[in-house]
1. Among SER358, SER224, rank each residue by its count of other Cβ atoms within 10 Å, from fewest to most, as a rough exposure measure.
2. Which ordering of LEU152, LEU475, LEU443 is given by a fewest-first count of other beta-carbon atoms within 10 Å?
3. Within a 10 angstrom radius of the beta carbon, how do ILE68, ILE218 rank from fewest other beta carbons to most?
4. Set the Förster distance to 51 Å, then compute FRET efficiency between ASN85 and THR191 from the Cβ-Cβ distance, nearest 0.05.
5. Taking amide hydrogens as modeled 1.01 Å from N in the peptide plane, which residues meet the under 5 Å criterion relative to VAL203, leaving out close sequence neighbours?
6. Can you figure out the FRET efficiency of ALA158 with GLU242, using R₀ = 41 Å and their beta-carbon distance, to the nearest 0.05?
7. Helix 2-24 against the longest principal axis of the chain: what's the angle in degrees, Cα atoms only, rounded to the nearest 10?
8. Among ASN362, ASN499, GLN439, which residue has its Cα furthest toward the positive end of the charge dipole of the range 362-512, with +1 on Lys/Arg Cβ and -1 on Asp/Glu Cβ?
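Laboratory data are not the source of any read-out in this text; all were calculated from the coordinates shown. Computed from a predicted model, the values in this text were never measured in an experiment. Every residue, glycine as well, gets a Cβ built from its backbone with ideal geometry; the counts of neighbours run over all protein chains shown.
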Amino acid sequence: MRIKVLLVFLITGLFVWFSSCRKDFEYAPSAGNLSFSKDTVYLDTIFSNIGSSTYSLKVYNPTRDDVIIPSIGLQNGPTSAYRLNVDGIAGKTFQNIPLNAQDSLFIFIETTVDISDNDLNTLLYTDAIQFDAGSNIQEVQLVTLVKDAIFLFPETDASGETEMITLDFDAEGNQIQVEGFELSDAELNFTGEKPYVIYGFAVVPEGKELLIDPGARIHFHKDSGLLIKEGATITINGALSENRELLENEVIFEGDRLEPSFSDIPGQWSGIWIARGSISNVISYTTIKNATVGLFIEGDGVLDTPTLTIENSQLYNNASHNIWAETAYIEAQNVVLGSSGSSSLYCSLGGNYSFIHSTIANYWSNGFRVDAALEIDNFIPNLDNNANSAHLVKADFKNCIIAGNGFTELSLTSNDENDFNFNFSNCYIKFDDISNSFQTDPLYDFENNSNYESVILEGDLDFFRTNRNDYRIGLDAEVINQGNPIFSAEVPLDILGINRTSNPDLGAYQARDKEED
């Protein structure tokens, strides 16, 4: 009797198992009941002929029935500029895609659009992913804004070799070569008509000037940059913008990925290199961001003529330094040097520096940072000799802010032999010597009026949004009305064009109410 009962249970169990397995393969055609993670996929903005990032769409079967999706395809068919990948298979059309009950599948979408034959500088390119057909058809819209651009790149010869330039020399005197090219005379004026996309290093030849007009947008591909050679100059004529979001008159240097997910990724391109022997460079109303080194500036060693005059500009989110200067001569006004992976401003091997109403504030959050926001030295540390020593003729900071998320944001290193002249007047300096390691160092004697005059060492700066490199100051800032009017008379307007001739605040911005922003 017991054996018969066991046989009944065994036979019943096998029947149920076979029935359930067979049901897994019984699919019904979908009847327009699919649901989607979004009804429109925006692939953000791309340049003509440059591929987009990959975007995803999730397709759900909310019913209790396993279904077959008869067809998935692009509305524009094989001619569409979009590309699909459905559950690991690439293509533009797909047939009989199974989707189990209350399950989902991923569709990945990319695009590359050529608008060179279009008269417009921008084009809104659209298509749709269609599921099934006829009365059961369902659609998800695809939208991409495509910009035309001027592409500058090294030539490739018949053998496939790419044009190279000598960027520098190593310690043994060997050439360091990278892919690059010299800008022709016809390419030495960047306008605001179309964006520029640069591949490799673009070189301004000796004796030439690169002129950049207001509103120009310059984008660099990975490992690309701009080199201003000896005897060459760059003049960037950005202007004050009325719209703080659009920055319509500002000149902007950044990477060539326009998607929002790339807007704050450092190290997307190499940077701008002003080589030794290049003088009288001018930068106005310019943003330089997301490079490895925003500006690398080599002085001529003579220091009679400014290597660079920079005003009303901001550099931030560069992987190493925002400005790295070697024995350079820099005059700066209304400059904002925000977060960077190392120091925001590194003045090495001496030089001649004047910063008025500038904000040097490093709140780097992309990793561990050792260096102070502002570093100044007159030799290369860790060398046994002073072969690479130089004189710090002058380093003057007036009505400035030096701050960050570290304890001490000022680093001064002297070899005690060469000149090391510096002065901070009416400046805020973040300097919390919790270990007392600087207590006996005369370089940090804040009572010495020849080096420090009317400095503030603590207090709230009430920055707007340091995580977005927005270093405007609110009405609770400790630095309000702390500027010297004599210095502000040299820079009567702040970086946003606000008058500061009376009761000037420290830094590049006059204080404003955050609620009015």
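1. Lowest to highest Cβ neighbour count: SER224, SER358.
2. LEU475, LEU443, LEU152
3. The order, fewest Cβ neighbours first, is ILE68, ILE218.
4. With a Förster radius of 51 Å, E is 0.85.
5. For VAL203, whose amide H was placed from the backbone, the distant partners under 5 Å are PHE181, GLU182, LEU183, LEU227.
6. Efficiency, rounded to the nearest 0.05: 0.20.
7. For helix 2-24, the angle is close to 60 degrees.
8. Result: ASN499.
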